[in-house]
Amino acid sequence: RRGRPSRPRRFAPRALPRSHSPPNRGLAAGAKAMRWCFLGCALAAAVVPVACFLSTGAAGGGQRLLLQQQQQQRRGGALHMQNPLQTLLQVYGQAGRKEGRADRRYLLLTGLPLKPYFERRTIRTQISDDVYLFEQPQGFFNVTIQTRMVVVRLQSGDLWVHAPIAPTEECVRLLKEVGGEVKHIVLPTTALEHKLFVRPFSRAFPGAKVHAVPGQWSWPINIPFASDTVLRDGEPEAEWAAEIDQKLFSPPVIGVGPANEMVFFHKPSKSLIVTDCVVYVPQDPPAIVPEEELVESAYVDDEAGAPAELRADPSLLSTAEKRRGWEKMALQILFLGPAMESTFRLISSRLLVSPVISTFVYSRVPESLLEFVDRVCEWDFRQVIPAHFQAPVRAGPREFSAAFQEFRSPPAAPGGGQPDQPWTAFVQALQGLTPQATRPPEYPKEDMKTLSFIDEFLTSSGIAKGS
């Protein structure tokens, strides 16, 4: 009113992170509304649909539940679909009843079946004088692989930590045994699963700086994130510039947020350190995968399930049974659903792009991807260290480039014209003579059914842009 001073607007102060990327202004209104929906009813609107989709076997995570229901139906019993939220709580409860070591305890309850929930084993491996690998299990329902943290001792004696894992007492003790002080914690990607442990890890080592790739975000809720510096393409920090170089993959935004990843080249060990861009699936299961899960996976297709003696003592599992369980588990991880057993030969013992990353990200931005790959291949690396599956992998620029061959256009016909049938047949004949590890894999359409369904849904709903 006139003559009366206006009352100041009250607002809650917002704590800004020490360093942050500008918000993505290009988010569609539907994506914003979806995030608020998830925020308001995280369990009812997010966990139930996701858990329902996965627990029915579409992503392989609840394949045992689906099989049991099918068996019950064949026997004439009443088919009862358990509430997916109840299933999730049951999984949490069963995991919480397991007895374990106190130094491996770590609580991770995200509202999604991201496991382990209460305990994480850590395995440390030294691969060179100054490079160490730390592995912990990472799973979703009944499938598990390892997530890997890379630790480099710099010439100064300080420790450089790439993609931190859960700071359990065991993990912290193994890290301190390496010697040196943790000075740099690097978040190399915008992927949520690698972002989960950055803040707890930095609390365990408060004297370290946090360095993150630009464009940090998370979905369905944009979790606040603080870092000391934002990593820059081709401009490593002065503290490690003499030993470690870096290059950024930052494609155009194709969905609700960026899909950025920074890769690093450790010059003394000639190691290419990556996160998710490539993987190498071994023939045998990693030591970090629990044997009881291999038992379930090996006999998931059998109506009677695993033999009672194996369920009681998983250590009795034979090498052949372990491999069979691992093959099915690896296929579920890479295809988000059951796949033909013969497909394992296409994905194993070679450096390749995960079909999940290929379908949802790389197929939409092939030009940006190949430009990034060619830049990475300028480094003279001799081994690749991914964050999942096997590492280190003996591979150089040639093998790394071959992993992305599926995104390259077929060779042009002589004279620059349209490829005719004889020329196409000639190219295919040459491809047949090349080793399998350098040829792009051709997956059966049946194996790609789940990925294709999700991809079509994301595109049709406007959550992601089309290829």
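The values are calculated or read from the model by the stated rules, or taken from the named source; none is laboratory data. Because the structure is a prediction, the values reported are computed rather than measured. We place every Cβ from the backbone using ideal geometry, glycine too, and count neighbours over all the protein chains shown. Areas reflect the complete protein model, heavy atoms only, side chains present, ligands, DNA and RNA absent. Shrake-Rupley method; radii C 1.70, N 1.55, O 1.52, S 1.80 Å.
The figures follow:
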| read-out | value |
| --- | --- |
| Which numbered condition V353 fails, given (1) over 21 Å from E135 (Cβ atoms); (2) open to solvent by 40 Å² or more (accessible area, probe 1.4 Å) | (2) |
| Hits in the range 316-365 (condition: of a type outside the set (D, E, K, R) and in a loop (DSSP other than H, G, I, E, B)) | L317, S318, L336, G337, P338, A339, M340, S349, V353, S354, V361, V365 |
| Some residue of the range 113-122 being within 18 Å of G179 (Cβ to Cβ) and acidic (D, E) | no |
| Top-ranked residue of the range 371-395 - restricted to ones that are of a type outside the set (A, V, I, L, M) and closer than 26 Å to E327 by Cα, ranked as most open to solvent (accessible area, probe 1.4 Å) | R394 |
| Of residues in the range 455-467 being over 21 Å from V278 (Cα atoms) and in a helix (DSSP H, G or I), the one farthest from the chain's Cα centre (by Cα) | S460 |
| Whichever residue in the range 385-411 is assigned to a helix (DSSP H, G or I) and charged (D, E, K, R) and, among such residues, is modelled with the lowest pLDDT | E406 |
| Lone unmet requirement of (1) open to solvent by less than 50 Å² (accessible area, probe 1.4 Å); (2) over 17 Å from the mean Cα position of the chain (by Cα) for K270 | (1) |
| Pairs where the first residue, in the range 346-370, is within 14 Å of M448 (Cβ to Cβ) and the second is in a strand (DSSP E or B), C-beta under 6 Å, 6+ apart | I347/V281; S354/V279 |
| Near pairs, Cβ below 7 angstrom, 6+ apart or cross-chain, from the range 382-395 (in contact (Cβ under 8 Å) with a residue 40 or more places away in the chain and small (G, A, S)) to any residue that is assigned to a loop (DSSP other than H, G, I, E, B) and surrounded by fewer than 22 Cβ atoms within 10 Å (Cβ to Cβ) | A387/D276 |
| The lone exception for W326 - which of (1) modelled with pLDDT of 95 or more; (2) open to solvent by 10 Å² or more (accessible area, probe 1.4 Å) it fails | (2) |
| Y280, sole failed condition from (1) in a loop (DSSP other than H, G, I, E, B); (2) in contact with a Pro (Cβ under 7 Å, 6 or more places away or on another chain) | (1) |
| Out of V178, V172, sole residue that is of a type outside the set (D, E, K, R), out of contact with any helix residue (DSSP H, G or I) (no Cβ under 9 Å at 6 or more places or on another chain), over 19 Å from E237 (Cα atoms) and without any contact (Cβ under 8 Å) to a residue 60 or more places away in the chain | V178 |
| Residues of the range 138-151 classified as surrounded by fewer than 22 Cβ atoms within 10 Å (Cβ to Cβ) and either among the charged types (D, E, K, R) or under 28 Å from K183 (Cα atoms) (or both), total | 1 |
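Conditions (1) small (G, A, S); (2) free of Cβ contacts under 8 Å to residues at least 40 places away in the same chain; (3) on the phi < 0 side of the Ramachandran plot; (4) touching a strand residue (DSSP E or B) at 6+ places or on another chain (Cβ under 7 Å), marked per residue:
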site	(1), (2), (3), (4)
Y117	no, yes, yes, no
R121	no, no, yes, yes
D130	no, no, yes, yes
F140	no, no, yes, yes
I145	no, no, yes, yes
S156	yes, no, yes, no
L159	no, yes, yes, yes
